[in-house]
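Here's the structure we're looking at; comments come further down.
Computed from the coordinates by the stated procedures, all read-outs in this text should not be read as laboratory data. From a predicted model like this one, the values you see are computed outputs, not experimental measurements. Note that we place each Cβ from the backbone using ideal geometry, even for glycine, and neighbour counts take in every protein chain shown.
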């Protein structure tokens, strides 16, 4: 499976701007023969806090969600391309952190975050674990702080998933002002999120594909990083630093 992993900057509340970036990257993925494009946690809405900006939450019926799903359809010439992207979602039960999986012009399903991280107390944790299938490959999604919990990965493996997508948006404490401070933020994420992914991969024999938010937003910075971890826990390939970029990987599934 050929997969594009996007370490992208996702401005908070700028759904239109983020949508434009998603569509450009989807075009890049389609041109590169990818079957799947993976975006970070809350990539479409940005990493918003519903307690501060409830107006930045969107539903699955939002036109931007529809536009991204439609972009995977035959009208775009990319009918074999699926996408996994993130939203801060408005649901009847409260705000959720949600990854949407779309293909063939429509939404296949969603994985809502089950284990919330620090600073995400305004969101509602989910309970269900989902598995998706694309071109005969079963895969699941574990979102950011969930890498530190075995449950999402155990559920994926028990349901026959061979690949876990790992979208993330780990906010950094303090603003980044130079290369040294950006490197420090990246090193922190490598030591926890990436190390968690390596442990889960080797523990269960899973492939794990990571894509994280990158760069500065209005009030928070993110360390980027896209990487592919093999079932032995080895990092096969990754982006070299914290900067916004895409990474295309081949996963032998």
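Centroid-to-centroid, using Cα positions, the range 103-174 and the range 1-68 are 16 Å apart.
If R0 is taken as 35 Å, the Cβ-Cβ distance between residue 178 and residue 232 corresponds to a FRET efficiency of 0.45.
Under the shape rule built on the C-alpha gyration tensor, where the axes satisfy a ≥ b ≥ c, the range 137-201 is prolate, since a/c reaches at least 1.5 and a/b is greater than b/c. For the chain, modelled as a GNM whose springs connect Cα atoms under 10 angstrom apart, the maximal fluctuation among 13, 174, 73 occurs at 174.
Between 223, 63, 50, the residue with the greatest mean-square fluctuation in the GNM of the chain (Cα pairs under 10 Å linked by springs) is 63.
For the range 1-160, what class follows from the C-alpha gyration tensor (a ≥ b ≥ c being the square roots of its eigenvalues): rounded when a/c is under 1.5, otherwise prolate if a/b is larger than b/c, else oblate? The shape class here is oblate.
Which value at 222 nm does the chain reach when only helices count, each DSSP H run of 4 or more adding -39,500 (n - 2.57), with the total divided by all residues and rounded to the nearest 500 deg cm²/dmol? Value at 222 nm, helices only: -6500 deg cm²/dmol. For the peptides 213-222, 17-26, the ranking by packing is 213-222, 17-26, with the highest mean count of neighbouring Cβ atoms within 10 Å listed first.
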